[in-house]
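Following: one structure in structure tokens, then a few remarks.
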Amino acid sequence: MISALRGTVLSIAGGTAVIDVGGVGYAVAVTGRHALTLRTGSEAAVLTSLIVREDSLSLFGFPDQDSLDIFTLLIGVTGVGPKSALGVLAELTPGEVALAVAREDDAAFRKVTGIGPKTAKLIVLQLTGKIAARPVAAGASVTGAPAAAPHVRGNVERALVGLGWPERSATAAVDEVLETASPVEAGDVQALLRLALAVLGPAQNTGSTR
């Protein structure tokens, strides 16, 4: 069983990252949001789920344990395969999945390509009671806004710098989004990165001094 990989990112394309571990390149399926945190030529560490089929071995990669846990639960739902499960995580953070299940909001899952109304209802039905409340990041600012765990904040800031934003801009953006982020978002790399990108804008801005 391949449970995790740490190595150099050789390439990222079409939802697949190739990671060199000891001279062997592993193709790992990732979400678009996860791909944004990876950088060709840099070292990456990903948690993985190995899916074994009669004619194939497929690796699916995740930035954190929450995402892997949600993926594992999703592929246990009738009618949800690994690609559809990864599709859910491409649309929703682990916290958003937990919230949708808690609210019995199957509409949140119907927007995922390949998941129809029946399967969306099954996700809610079969995951009810199985998803624990998402962990809250430790600490809070003096204004009551949640504080991101150091490794979460660091990963987000490095991802923004890797995308071309100056370090000062990355730090300022993370500070800004944490003012209004929920505890779940503050503890989720993908969610915090998405919020920071929304603050900075849709395009790279290597010349910004923001």
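Residues of segment 157-190 that are open to solvent by less than 30 Å² (accessible area, probe 1.4 Å), among the aliphatic types (A, V, I, L, M) and closer than 14 Å to residue 93 by Cβ: 177, 181, 186, 189.
Within segment 191-210, work out how many residues are open to solvent by 10 Å² or more (accessible area, probe 1.4 Å) and at pLDDT 80 or above. Within segment 191-210, residues that are open to solvent by 10 Å² or more (accessible area, probe 1.4 Å) and at pLDDT 80 or above number 6. If you check 123, 51 for being over 15 Å from the mean Cα position of the chain (by Cα), at pLDDT 95 or above, outside any loop (DSSP other than H, G, I, E, B) and more than 23 Å from residue 195 (Cα to Cα), only one passes: 123. Scanning segment 92-110 for residues that are out of contact with any Lys or Arg (no Cβ under 6 Å at 6 or more places or on another chain) and charged (D, E, K, R) gives 96, 103, 104, 105, 110.
Among the residues of segment 13-45, those that are within 21 Å of residue 93 (Cα to Cα), in a strand (DSSP E or B) and modelled with pLDDT under 95 comprise 44, 45. Of the residues making up segment 93-107, one or more are of a type in the set (Asp, Glu), within 20 Å of the chain's Cα centre (by Cα) and buried (at least 17 other Cβ atoms within 10 Å of the Cβ).
The values are calculated or read from the model by the stated rules, or taken from the named source; none is laboratory data. Being a predicted model, the structure only gives us computed values, none of them experimental. No Cβ is skipped: glycine too gets one built from the backbone with ideal geometry, and neighbour counts run over all protein chains shown. SASA here: full protein model, heavy atoms, side chains in, ligands and nucleic acids out. Shrake-Rupley method; radii C 1.70, N 1.55, O 1.52, S 1.80 Å.
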